[in-house]
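Take a look at the structure below.
Where a number appears in this text, it was derived from the coordinates with a stated rule and is not lab data. Since this is a predicted model, take the numbers as computed values, not measurements. Methodologically, a virtual Cβ is constructed for each residue, glycine included, from the backbone with ideal geometry; neighbour enumeration extends over all protein chains shown.
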Amino acid sequence: MPTPEFVKDLRRSIDTQEMWLPGVSAVVVKHHDDDGAALAVPQVLLVQRSDNEEWTVTSGILELGEDPAPAGVREVQEETSVIARAVRLAGVWTMPLVTYANGDNCRYLDSVMEFEWVCGTPRVNDDESRDVGWFSLAALPAGLSAAQQRKIDWAADFGSAAKFMR
């Protein structure tokens, strides 16, 4: 998702100072194939970012007044063309400070949510990603960051209560 207009407006006032933003990470899990047969091991939808080539779950900034679940549905569809349904809040944490190439500094309060695949074949659907695909929870891409692994682990702890950093 491109940077929301309200963030661009704020940036004109605060320049590159640290900005606190609400975010959502949508961990989309697929439990069955297109024909409805159960998968032996669930799969997770990942995107490979264009800016740093890292594999991540779909994520984004909430629009003004937007709740995390609808934001996650929107982000997944915008970035991958997949339709997903929010299942539960898997965890909440404050991400480390992110400094972008243009010097902007942001810190995100990240609502990590488990989503389930409803329909759609994943494809790169915007310029934020260079690749997208399903990965078995037993065979995630090499080099997955600890933060991304945490998000996936939280969501893959199916039915458990939300996790919080301590």
> For the stretch 20-33, in order, what is each residue's ³J(HN,Hα) by Karplus, 6.51 cos²θ - 1.76 cosθ + 1.60 with θ = phi - 60°, in whole Hz (x at glycine and Pro)?
Replying inline: 9, 9, x, x, 9, 10, 9, 8, 8, 10, 10, 9, 9, 7
> Extent of the stretch 105-166 along each principal axis, from alpha carbon coordinates, in Å, largest to smallest?
Replying inline: 36, 34, 24
>> What do you get for the angle between helix 5-14 and the principal long axis of the chain? Use alpha-carbon atoms, 0 to 90 degrees, nearest ten.
In response: 40
> So in the chain, what percent of DSSP beta bridges are antiparallel if you round to the nearest 5?
Replying inline: 70
> Counting Lys +1, Arg +1, Asp -1, Glu -1, what net charge surrounds LYS151 among other residues with beta carbon under 12 Å of its beta carbon?
Replying inline: -2
> Roughly how large, in nm² to one decimal, is the mean projection of the convex hull of the alpha-carbon atoms in the chain?
Replying inline: 9.7
>> Just to be sure I understand: with springs between alpha-carbon atoms less than 10 Å apart, which residue in TRP154, TRP134, TRP55 has the highest mean-square fluctuation in the Gaussian network model of the chain?
In response: TRP134
> Counting Lys +1, Arg +1, Asp -1, Glu -1, what net charge surrounds ASP126 among other residues with beta carbon under 9 Å of its beta carbon?
Replying inline: -4
>> What's the ranking of 67-75, 141-149 by average number of surrounding C-beta atoms within 10 Å, highest first?
In response: 67-75, 141-149
